[in-house]
1. Between residue 60 and residue 110, what length in nm is gained on full extension when 0.36 nm per residue of separation is reduced by their alpha carbon distance?
2. Subtract the Cα-Cα distance of residue 123 and residue 232 from 0.36 nm times their separation in residues, and report this length gain in nm to one decimal.
3. Across the stretch 35-43, in residue order, what do the Karplus-derived ³J(HN,Hα) couplings come to in whole Hz, using 6.51 cos²θ - 1.76 cosθ + 1.60 with θ = phi - 60° and x for Gly and Pro?
4. Using Cα centres only, tell me the gap between the stretch 226-264 and the stretch 71-132 in whole Å.
5. Can you list residues whose amide H is under 5 Å from residue 236's amide H, if they're 5+ apart or on another chain and H is modeled 1.01 Å from N?
6. Specify which residue in the list 119, 189, 155 is farthest towards the positive end of the charge dipole of the chain, using unit charges on the beta carbon of Lys, Arg (+1) and Asp, Glu (-1), about the Cα centre.
7. Cut-off under 25 Å on the C-alpha distance; same-chain residues fewer than 8 positions from residue 192 excluded. Which lysines are left, in chain and number order?
8. Counting only GluC sites (Glu not before Pro) that are in a DSSP loop and have at most 15 other C-beta atoms within 10 Å, tell me the longest site-free stretch of the chain.
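What follows draws every value from the coordinates through simple rules; no lab data is involved. These numbers come from a predicted model, not from an experiment. Glycine also receives a Cβ, built like all others from the backbone with ideal geometry; neighbour counts cover every protein chain displayed.
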Amino acid sequence: MASEAPVGVFDSGVGGLSVLAEIRRELPAESLFYVADGGHIPYGEKSPAYIRERCRHVAAFLRERGAKALVLACNTATVAAVADLRACYPDWPIVGMEPAVKPAAAATRVGTVGVLATTGTLQSARFAALLDQFAHGVRVVTQPCPGLVEQVERGDLDGPRSRALLAGFVEPLLAEGCDTIILGCTHYPFLKPLLRELVPESVSLVDTGAAVARRLAALLAERGQRAAGPAAPTRLWSSGDLPVLRAILPRLWREPVDVEALDS
């Protein structure tokens, strides 16, 4: 595909916008397409087969619109579908997400790392493999966070409900002595300001958005597909409630962007 073709990015909802922001910082010349599959959120509570079906649908949508690469800006989608999508599109660069176990294991000073993630991510074989590969000598304390994705989808980044939920999820990790916490869902970086109020400054917060952007940049460079720019305006589609998304989008994405309907 031509180097000036867009990069396609998608998530179950708005969480992947945190990854999109890192891609924009790393690759300012790239044109970006983003799909929020909000009509089918949360992926974290769905079956792997259901998630694979949705990922195939969205991937086909972005492929048909000329995306030169695909980023699964969703840990749960990566767990369930990245291998399937790579088999379907062997000639298409596909970048997935995974919880930052390796950098967190390197960063911890006390040897205890906490993980905030969806139930689907924590129960996956892929996450278990990450622990086997990178968590030697480190104790990992996991914490599923039901309801947290939905709060971000509502644009509630610092309200009483979000504060109470997040405090309840973080408290067990602090009680276990974690000095490093992995944000294992792309929605969670939007809660960093609130999280910083709930944990000591000595606790490190780790996510993988920047690493994904660097990996995308490397793949495009290898294929001679880095764009020269200037980037076209970002385009965004959603299968969810468009008025709600339009209302909260200014809190999550700094560029002006129109929201179009995704056929579900």
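1. My answer for the length gained is 13.5 nm.
2. 35.3 nm
3. Each residue's phi maps through the Karplus curve to give 10, 9, 8, x, x, 10, 7, x, 5 Hz.
4. Between the Cα centres of the stretch 226-264 and the stretch 71-132 lies a distance of 25 Å.
5. 34, 258, 260
6. Most positive-ward Cα: 189.
7. 102
8. 1-175
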